[in-house]
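Everything below concerns the one structure shown next.
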Amino acid sequence: MALRDKNYPVATPTSMKDTAAEIIANHVHTGTKLHEVFFQSQGDVLQKMALRFARCLAQGGKILLCGNGGDAACAQYMATAFVHQCHLNRPALPALALASNIVSLTAIGNDQGFSQIFARQVEALGNQGDILFGISAQKNCVNVQMALITAQRRGLVTASLACEGADVSSCCDMAIQAPDADVLLVRELHLVAGHILCRLTDYYLFVNVTAL
């Protein structure tokens, strides 16, 4: 095998105990507890953020989303849920994931540095009253932080989906914070929170419109 040829430390069947069932059980157990803690502590913030999103969209604004790696995927997924649909069959809503344009990312990163790949796009696309939504499952995320700072200067509403102690939370009008845990579990919490955020935004826009 290629891994063995390169002298990677691959365990042999005789020296390795199969702990797959234990890994599954621990992941599910820890994740379930984190879900309970997260939504008990952040449920009110999630509701208020969805209402703010709905008001932005109702007033003709748009939602910009950014993140790195898995967080970029979450941002793209949420943007699609707004543009296409999440739960209701309703009109398309304006949302854009800033990590989607690889040409912009590489041009800005090459000329101005990786820290500016989102901030520069916010400068070009963000208008007063829009929302910039930064997603970060890690505590330090300079490019998302710079984008949020730029958004504040331009009069955008700033919001984030982060973890406890994250730098991006200090740059936001609203912040949802997951417990400090393994980054994979935090991203799972963020995905569920994203689903609920999109669904509640639809609810306030098209069902409980009196809340606006």
Amide H contacts under 5 Å for Cys163, placed H, 5+ residues apart: Ala178
Nearest-20 debye value, segment 12-129 charge dipole, Cβ charges on Lys, Arg, Asp, Glu: 420 debye
Peptide ranges 197-204, 102-109 listed from the most packed, as the mean C-beta count within 10 angstrom indicates: 197-204, 102-109
In segment 16-92, the trypsin sites (Lys or Arg not before Pro) that fall in loop regions by DSSP, at most 15 other Cβ within 10 Å: Lys17
Distant-in-sequence amide H partners of Ala175 (H built 1.01 Å from N, under 5 Å): Ser160
Between 0 and 90°, nearest 10: helix 183-206 axis offset from the chain longest Cα axis: 30 degrees
Calculated FRET efficiency for the pair Leu88/Lys139, C-beta based, R₀ 35 Å, to 0.05: 0.50
Label point distance in nm, Ser41-Leu212, each placed 7 Å from Cα along Cα→Cβ: 3.4 nm
For the chain, cysteines whose Cβ has no other cysteine Cβ within reach (under 4.7 Å): Cys56, Cys66, Cys74, Cys141, Cys163, Cys171, Cys172
Simple label model, 7 Å out from Cα along Cβ direction - Ile24 to Asp173, nm: 4.6 nm
Assigned charges on the beta-carbon of Lys, Arg, Asp, Glu; segment 103-212 dipole about Cα centre (debye): 200 debye
Long-range HN-HN contacts of Ala97 with modeled amide H, under 5 Å: Leu65
Ranked Cys74, Cys141, criterion: other C-beta atoms within 10 Å, fewest first: Cys74, Cys141
Cα centroid separation - segment 99-115 against segment 122-180, whole Å: 18 Å
Alpha carbon convex hull of segment 21-211, volume per residue in cubic angstrom: 120 Å³
Karplus (6.51, -1.76, 1.60) ³J(HN,Hα), θ = phi - 60°, over segment 125-136, in Hz, Gly and Pro reported as x: 10, x, 10, 4, x, 5, 10, 9, 10, x, 10, 8
Point-charge dipole on Cβ atoms (K/R +1, D/E -1) for segment 21-211, about Cα centre, debye to 20: 580 debye
Extension gain from Ala124 to Asp180, taking 0.36 nm per residue of separation minus the Cα-Cα distance: 16.8 nm
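Laboratory data are not the source of any read-out in this text; all were calculated from the coordinates shown. If you're wondering where the values come from, they're calculated on a predicted model, not measured in any experiment. Quick reminder, even Gly has a Cβ in these numbers, built from the backbone with ideal geometry, and neighbours come from all protein chains shown.
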